[in-house]
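The structure appears below as structure tokens.
The values are calculated or read from the model by the stated rules, or taken from the named source; none is laboratory data. On a predicted model such as this, the values are computed, not experimentally measured, just so you know. Note that we place each Cβ from the backbone using ideal geometry, even for glycine, and neighbour counts take in every protein chain shown. To get the accessible areas, we keep the full protein, side chains included, count just its heavy atoms, and leave off ligands, DNA and RNA. Shrake-Rupley method; radii C 1.70, N 1.55, O 1.52, S 1.80 Å.
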Amino acid sequence: MAWGPHQTITRAALDVLPERERWEGVLGAKNLGALTNYCLLPDLRGKDLGAFYADDYLLIREMPMHVGHTMPTVETAFGPYFRRALQALRTETPENACRQLGPLVHFVEDVGAPPHAKEKCPHHKELENWVRGDQIGISGYRPRVLGSDDDAALAGLLRRIKGLVEFSKARADRALPLVSVPEPDQAKVEPILLESANESARVTADVLLTVLTLGLDGRSGGAGLGGTVTAAEFPGRNEHGARVVLLDTDYATLATAAKGAGWRGQYEFRDLPAGSYRVLAYRTASQFQILGPITLGQGRRVELNFDLKPTEPAGNIIENPDGCLSYLDPVAPDRWKQAAGGVWTSTAAWVKPGERYRCGAALKDPGTRVSFRFEARPAKDGKSPEPQICPLTLDGAGKGEVIVQAGDQRISVAVVVESTQSLTSVIDRVWVVPATGGPPVGL
Ligand SMILES: [Zn+2]
């Protein structure tokens with residue numbers, strides 16, 4: 001259910017961006033060009049992308065859960081991701097800032113897809129895929145800045161979005177009779193959807209020019225904060241960044257590093273408001289650390305280094321395995337979801353098909369049932385095979401571990417904790433650790 005030509009629309013918008021060299025000079029041509037990939041982030045929610053998780057940029061304090069991609073829910077995404085994109089351009093590294101533009105660009109493009117603009121639109125699949133990517137292009141279009149300050153620009157953006165929704169709703173209404181007949185003629189539908197794709201590209205170009213103009217206006221003088229994060233090895237995924245968060249604020253970023261044994265990354269903020277902050281660093285397979293409060297002063301840079309201890313047991317690939325991390329929403333553990341019926345599920349972690357994993361838990365409430373759900377890649381028909389579910393047997397003290405061989409085609413594992421209580425009141429911690437052979441240890 002994805003608007004086919006996201007990447008082509010982004011490229012078309014970048015192609016008409018005024019002062020392209022200026023933006024490339026500040027952000028780097030590679031980072032700006034990578035927007036054609038980052039615009040896909042919202043369709044990759046919950047996914048591990050190697051150097052980072054899609055959720056590192058999707059889940060922000062103003063939008064702590066995944067938002068729907070169609071009207072009317074998608075409308076709630078623009079304010080939060082617009083403000084977050086501006087903040088990233090002003091305070092974070094170019095790499096982080098360009099990744100953080102991804103959700104904004106995606107949702108602007110999405111709302112221009114006819115079946116996203118028209119609420120409860122039938123024939124969704126045809127109406128977002130029957131478009132020729134090679135025909136998308138808006139050469140000659142001159143993008144404009146949508147407002148001279150943040151509030152005016154957001155108001156301008158929302159007006160522009162409203163116009164785009166009207167535009168694409170009308171295209172949906174024109175195309176629907178053509179796709180509803182028994183043997184629809186795709187060639188008759190394509191030019192109608194192309195109009196929507198091109199209008200999406202024009203709005204995307206306006207939005208990009210607006211955030212770059214406001215976000216990189218050269219103002220400076222705020223406070224700087226930077227340093228290193230050393231962390232334990234994240235088995236099989238050691239290229240991952242570490243999250244660095246100014247607690248109880250919207251400021252957050254990712255420390256990045258080269259591959260290597262152990263891990264050491266670098267993070268940098270600039271132009272932060274002066275003030276007092278507690279700072280959190282976290283990386284999968286390490287325990288989080290909170291430092292501070294530290295005081296940041298105008299025009300000064302403070303160096304703050306973190307040393308993250310390994311999880312117990314070491315090499316745990318489950319994010320936030322004790323549920324104690326909750327920087328997005330103080331009453332909900334980060335990277336866990338509780339379904340209405342009272343079942344907690346962790347974010348899925350990447351596994352290798354056929355490999356063995358130590359899967360375990362130490363519980364505060366020994367009566368709680370815990371299982372490990374290994375999922376396979378969806379088949380060619382788009383359907384996901386049945387999950388491989390491994391229940392855990394616990395001893396009297398509420399501890400247990402089982403060695404599981406991930407089946408063929410299994411690519412991820414999530415931990416399922418059956419409880420209507422708060423997560424931290426029932427678990428002490430859960431773990432999935434690649435087994436290097438031998439019997440279970442550490443119990
Ligand atoms: Zn989407």
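Condition check for Y38 on (1) over 27 Å from T213 (Cβ atoms); (2) within 16 Å of the ligand (Cβ to nearest atom); (3) at pLDDT 95 or above; (4) of a type outside the set (K, R): one failure, at (1). Examine the stretch 94-115 for a residue that is part of a loop (DSSP other than H, G, I, E, B) and more than 14 Å from the ligand (Cβ to nearest atom), and state whether such a residue exists. For the stretch 94-115, residues part of a loop (DSSP other than H, G, I, E, B) and more than 14 Å from the ligand (Cβ to nearest atom): absent.
Within the stretch 373-406, the residues that satisfy the criterion of being in contact with a Gly (Cβ under 9 Å, 6 or more places away or on another chain) and either open to solvent by less than 20 Å² (accessible area, probe 1.4 Å) or aliphatic (A, V, I, L, M) (or both) are F374, A376, L392, L394, G398, G400, V402, A406. Every test in (1) farther than 20 Å from C39 by Cα; (2) within 27 Å of the chain's Cα centre (by Cα); (3) crowded, with 16+ Cβ neighbours inside 10 Å is passed by D151 save one, and that test is (3). Screening the candidates A332, A379, A281, A349 for the property of being touching an Asp or Glu at 6+ places or on another chain (Cβ under 8 Å) and hydrophobic (A, V, I, L, M, F, W, C) yields one hit, A349. Report, by residue number, each residue of the stretch 44-77 that is open to solvent by 30 Å² or more (accessible area, probe 1.4 Å) and either within 19 Å of R335 (Cβ to Cβ) or in contact with a strand residue (DSSP E or B) (Cβ under 6 Å, 6 or more places away or on another chain) (or both). L44, R45, K47, L49, A51, R61, E62, P64, M65, H66 - these are the residues of the stretch 44-77 that are open to solvent by 30 Å² or more (accessible area, probe 1.4 Å) and either within 19 Å of R335 (Cβ to Cβ) or in contact with a strand residue (DSSP E or B) (Cβ under 6 Å, 6 or more places away or on another chain) (or both).
Yes or no, residue by residue, for (1) free of Cβ contacts under 8 Å to residues at least 60 places away in the same chain; (2) closer than 13 Å to I427 by Cβ; (3) not β-branched (V, I, T):
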{"site": "L308", "(1), (2), (3)": "no, no, yes"}
{"site": "E312", "(1), (2), (3)": "no, no, yes"}
{"site": "I318", "(1), (2), (3)": "no, yes, no"}
{"site": "P321", "(1), (2), (3)": "no, yes, yes"}
{"site": "S326", "(1), (2), (3)": "yes, no, yes"}
{"site": "V331", "(1), (2), (3)": "yes, no, no"}
{"site": "R335", "(1), (2), (3)": "no, no, yes"}
{"site": "A340", "(1), (2), (3)": "yes, no, yes"}
{"site": "A349", "(1), (2), (3)": "no, no, yes"}
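Within the stretch 17-33, being open to solvent by 20 Å² or more (accessible area, probe 1.4 Å) and either within 10 Å of the chain's Cα centre (by Cα) or not β-branched (V, I, T) (or both) holds for P18, E19, R20, E21, R22, E24, G25, G28, A29, K30, N31, G33.
From the list L193, L225, L164, which residue is within 30 Å of E109 (Cα to Cα) and at pLDDT 95 or above? Break it down stepwise before answering.
Details: L193 fails: at pLDDT 95 or above; L225 fails: within 30 Å of E109 (Cα to Cα).
None of the others qualify; the one that does is L164.
Can you tell me which residue among S346, S286 is surrounded by 21 or more Cβ atoms within 10 Å (Cβ to Cβ), assigned by TED's automatic domain parsing to the domain that holds A257 and under 21 Å from the mean Cα position of the chain (by Cα)? I'd like the intermediate steps shown before the answer.
Details: S346 fails: assigned by TED's automatic domain parsing to the domain that holds A257.
Exactly one of S346, S286 is surrounded by 21 or more Cβ atoms within 10 Å (Cβ to Cβ), assigned by TED's automatic domain parsing to the domain that holds A257 and under 21 Å from the mean Cα position of the chain (by Cα), namely S286.
Condition first: closer than 16 Å to A231 by Cβ, open to solvent by 20 Å² or more (accessible area, probe 1.4 Å) and assigned to a loop (DSSP other than H, G, I, E, B). Now tell me which residues in the stretch 305-329 satisfy that. Steps first, please.
Narrowing the stretch 305-329 to residues closer than 16 Å to A231 by Cβ: 305-321, 325.
Now restrict to residues that are open to solvent by 20 Å² or more (accessible area, probe 1.4 Å): 305, 307, 309-310, 312, 314.
Residues satisfying the conditions are N305, K309, E312, A314.
With respect to A77, is the statement that it is within 16 Å of the ligand (Cβ to nearest atom) and modelled with pLDDT under 95 true? Against the criterion (within 16 Å of the ligand (Cβ to nearest atom) and modelled with pLDDT under 95), A77 does not qualify. Exactly one condition in (1) assigned to a helix (DSSP H, G or I); (2) open to solvent by 70 Å² or more (accessible area, probe 1.4 Å); (3) over 20 Å from R84 (Cβ atoms) is not met by V165; state its number. If we test V165 against (1) assigned to a helix (DSSP H, G or I); (2) open to solvent by 70 Å² or more (accessible area, probe 1.4 Å); (3) over 20 Å from R84 (Cβ atoms), just (2) comes out false. Pairs only if they're at least six apart or on different chains, beta carbon under 7 angstrom, first in the stretch 213-224 and part of a helix (DSSP H, G or I), second open to solvent by 20 Å² or more (accessible area, probe 1.4 Å); list them, first residue then second. Short answer, once both residue conditions are applied: T213/V145; L214/D150; G215/R90.
Would you tally the residues in the stretch 112-128 being crowded, with 21+ Cβ neighbours inside 10 Å and within 25 Å of the chain's Cα centre (by Cα)? So the count comes out to 7.
Restricting attention to the stretch 131-157, the residues that are in contact with a Gly (Cβ under 9 Å, 6 or more places away or on another chain), over 15 Å from L214 (Cβ atoms) and hydrophobic (A, V, I, L, M, F, W, C) total 1. In the stretch 41-57, how many are more than 16 Å from the ligand (Cβ to nearest atom) and among the aromatic types (F, W, Y)? Number of matching residues: 2.
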